[in-house]
Amino acid sequence: MTPHRRQATVLVAAVGVVGVTFGVLADAAGLSIPKIVVMSALVFTGASQFAAVGVVSGGGTPFAAFGSAMLLAARNALYGPVVNRALPNSTSGRVVAAQFVIDETTAMSAAQPDDRMAADAFWFTGIWLWCLWVLGSVAGAVLGSFIGDPNAWGLDTAFPASFVALISPHLRTSPARFAAVMGAAIAVVAIPFTPAGVPLLLAALGVVPAVWRHPRGPSHQAPGTVES
Amino acid sequence: MSWLLLTAMIVGAYGFKAIGVFALAGRDTGAISRRLAPFSALVPAALFAALIAVQTVGAERSLSLDARLVGVAVAVIASWRRAPFVLTVGLAMTSTAAIRALAG
């Protein structure tokens, strides 16, 4: 197995575990197993899925759930140009490939020295990640339905704890750490005054002072990946 | 969560990916990328931190300091010590559950 495939395998296994966590949380938030499967297979961008489920389980409106999910999904648009060299030329090929343009596939393909290896890394990571993400979600959903009162198991801590682990690759720069502190502060202040979900949308404004404070900040970094 | 919301999320999430693949790729996106990149690079940090805060101290429309805070603090320490994902989440859940079992 080539080094990039071996690296991708570790990444994919880690994402499968995150998928199990997502399934358990989505089940606890009241989503049926078909909805969990459809979401993981078709939305297929983990952060947005976690955010939407988090807003719904916190009693937020569908609009707030959709808004926070789309804020997190928007960055995938910036990945298109980065993975362009790894994508097929045909329109039909690109229609399929677009579904796999996410943090992990972009990071893996961007790290390759030539176009052929970039394409191999993109598809190998993308397809296996999709399989493990969907399987993990289903496993988590089934597991979740056997658990009973999820809070007795500390499951309400699983969500923020997952994000503590997921956020660390995004905190490597000083502007990012500043944005994180601003985002958390805005959200906490907003909780008593706004409906569930809105604190999250307001928190996105935390990036503005972070960019102002570091005008030349990180130009265009490699996207963060899940650390196992 | 309704099927309508789910469908909207599917269309929206694919839409953003497709914009990158079809509209931005192959063109000179230097100006757009340079302008948006500093902001979009920081969005995950700001939103994830806010999610952590809301899920740790949020309760309906008030703040609540309870067993969750201890679990999340344990997760922060575990993550800082570079513990694997599963261990980080497992330790956090166990801490919160243990405090609830002792208190309840």
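The values are calculated or read from the model by the stated rules, or taken from the named source; none is laboratory data. As the structure is a prediction and not an experimental result, all values here were calculated from the model. Here the Cβ is made from the backbone with ideal geometry for all residues, glycine too, and neighbour counts use every protein chain on show.
Would you mind stating whether B:LEU51 is surrounded by 14 or more Cβ atoms within 10 Å (Cβ to Cβ), modelled with pLDDT under 85, among the aliphatic types (A, V, I, L, M) and touching a Phe, Trp or Tyr at 6+ places or on another chain (Cβ under 7 Å)?
Here the answer is yes, as B:LEU51 does meet what is asked.
Here are some conditions: (1) assigned by TED's automatic domain parsing to the domain that holds A:ALA51; (2) buried (at least 17 other Cβ atoms within 10 Å of the Cβ). A:SER145 meets all but one. Which one does it not meet?
(2)
Search segment A:30-58 for residues being modelled with pLDDT under 90 and more than 7 Å from every other protein chain (Cβ to nearest Cβ), and hand back the single one that is farthest from A:PRO192 (Cα to Cα).
A:GLY46
Could you grab me the full set of residues in segment B:1-32 that are modelled with pLDDT of 85 or more, under 18 Å from A:ALA97 (Cα atoms) and in contact with a helix residue (DSSP H, G or I) (Cβ under 6 Å, 6 or more places away or on another chain)?
Matches in segment B:1-32: B:ILE10, B:GLY12, B:ALA13, B:PHE16, B:LYS17, B:ALA18, B:ILE19, B:GLY20, B:VAL21.
Considering only residues of segment B:41-84 that are assigned to a strand (DSSP E or B) and of a type outside the set (Ser, Thr, Tyr), which is farthest from the other protein chains (Cβ to nearest Cβ)?
Result: B:ALA59.
Here is a check on your reading of the model: is B:ALA97 over 17 Å from A:LEU155 (Cα atoms), over 16 Å from the mean Cα position of the chain (by Cα) and surrounded by 15 or more Cβ atoms within 10 Å (Cβ to Cβ)?
Answer is no for this residue.
Of everything in segment A:60-89 that's part of a loop (DSSP other than H, G, I, E, B) and within 7 Å of chain B (Cβ to nearest Cβ), which residue is farthest from A:HIS170 (Cα to Cα)? Even if it seems obvious, please write down each step before you answer.
Going residue by residue through segment A:60-89, those that are part of a loop (DSSP other than H, G, I, E, B) are A:60-61, A:74-75, A:87-89.
Now narrow it down to the ones that are within 7 Å of chain B (Cβ to nearest Cβ): A:74-75, A:87.
Numbers: A:ALA74: 16, A:ARG75: 13, A:LEU87: 26 Å.
Selected residue: A:LEU87.
Out of A:ALA41, A:ALA97, which single residue is more than 12 Å from the chain's Cα centre (by Cα), within 27 Å of A:ALA111 (Cβ to Cβ), touching a residue at least 24 places away in the same chain (Cβ under 8 Å) and surrounded by fewer than 21 Cβ atoms within 10 Å (Cβ to Cβ)? Quick ask: steps written out before the conclusion?
Numbers: A:ALA97 fails: surrounded by fewer than 21 Cβ atoms within 10 Å (Cβ to Cβ).
Exactly one residue qualifies, and that residue is A:ALA41.
Being over 19 Å from the mean Cα position of the chain (by Cα) and either more than 15 Å from B:SER62 (Cβ to Cβ) or acidic (Asp, Glu) (or both) is the filter here, so list the residues in segment A:185-201 that pass it.
Selection gives A:ALA185, A:ILE186.
Suppose we filter A:ALA118, A:ALA152, A:ALA86, A:ALA111 for residues that are touching a residue at least 60 places away in the same chain (Cβ under 8 Å) and hydrophobic (A, V, I, L, M, F, W, C); which single one remains?
Every option except A:ALA111 fails the conditions.
Could you figure out which of (1) outside any helix (DSSP H, G or I); (2) more than 22 Å from A:SER109 (Cα to Cα); (3) more than 8 Å from every other protein chain (Cβ to nearest Cβ) isn't true of A:PHE22?
The single condition A:PHE22 does not satisfy is (1).
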